[in-house]
1. Say we look at segment 1-15 and pick out the residues that are farther than 16 Å from residue 108 by Cα and in contact with a helix residue (DSSP H, G or I) (Cβ under 7 Å, 6 or more places away or on another chain); which of these is modelled with the lowest pLDDT?
2. Would you check which residues across segment 17-27 are crowded, with 17+ Cβ neighbours inside 10 Å and over 16 Å from residue 83 (Cα atoms) and list them?
3. Considering only residues that are surrounded by fewer than 16 Cβ atoms within 10 Å (Cβ to Cβ) and under 20 Å from residue 12 (Cα atoms), which ones fall in segment 55-69?
4. In segment 70-92, what residues are surrounded by fewer than 18 Cβ atoms within 10 Å (Cβ to Cβ) and modelled with pLDDT under 90?
5. Which of the residues spanning segment 28-41 are within 12 Å of residue 88 (Cα to Cα) and surrounded by 17 or more Cβ atoms within 10 Å (Cβ to Cβ)?
6. If you go through segment 18-25 one residue at a time, do you hit one that is in contact (Cβ under 8 Å) with a residue 60 or more places away in the chain and more than 22 Å from residue 91 (Cβ to Cβ)?
7. Could you tell me whether segment 45-52 includes any residue that is loosely packed, with under 15 Cβ neighbours inside 10 Å, over 21 Å from residue 113 (Cβ atoms) and over 11 Å from the mean Cα position of the chain (by Cα)?
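The values are calculated or read from the model by the stated rules, or taken from the named source; none is laboratory data. Since we're looking at a predicted model, the values are computed, not measured. Positions of Cβ are backbone-derived with ideal geometry, glycine not excepted, and every protein chain shown enters the neighbour counts.
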């Protein structure tokens with residue numbers, strides 16, 4: 001399969017993950033019970049796993065080392081995005097704390113995206 005096509009698919013999935021995250025954040029702020037519905041959680045999880053899996057596959061296809069700062073920083077950023085989002089979108093937190101954690105997740109995702117487009121240098 002053409003690697004450029006996989007990279008475009010990876011970018012499209014990243015945009016879908018971002019849209020889903022923003023929608024879930026809006027639902028959280030509106031106190032909607034749909035924030036953590038099984039359907040929404042499944043869709044978010046599937047797209048995030050696709051993003052991660054395809055990214056790993058592309059890294060292997062390009063013979064990138066996982067010790068490479070580019071890959072390592074993207075993986076850590078994605079893990080932070082998932083961790084902050086998971087905590088922020090659970091019930092029981094105050095809106096201020098949940099919003100702050102949600103924003104940190106958004107920052108982690110945007111940082112990973114900026115590294116991917118080579119607009120920022122990786123930390124490691």
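1. That would be 3.
2. Of segment 17-27, the ones crowded, with 17+ Cβ neighbours inside 10 Å are 17-18, 20-21, 24-25, 27.
Hit for segment 17-27 is 27, nothing else.
3. First pass over segment 55-69, keeping only residues surrounded by fewer than 16 Cβ atoms within 10 Å (Cβ to Cβ): 56-57, 60-69.
Residues satisfying the conditions are 56, 57, 60, 61, 62.
4. Within segment 70-92, 70, 72, 75, 90, 91, 92 qualify.
5. Residues of segment 28-41 that are within 12 Å of residue 88 (Cα to Cα), as a first pass: 28-29, 35-36.
Passing the criteria: 28, 35.
6. Scanning segment 18-25 turns up at least one residue that is in contact (Cβ under 8 Å) with a residue 60 or more places away in the chain and more than 22 Å from residue 91 (Cβ to Cβ).
7. Within segment 45-52, none of the residues are loosely packed, with under 15 Cβ neighbours inside 10 Å, over 21 Å from residue 113 (Cβ atoms) and over 11 Å from the mean Cα position of the chain (by Cα).
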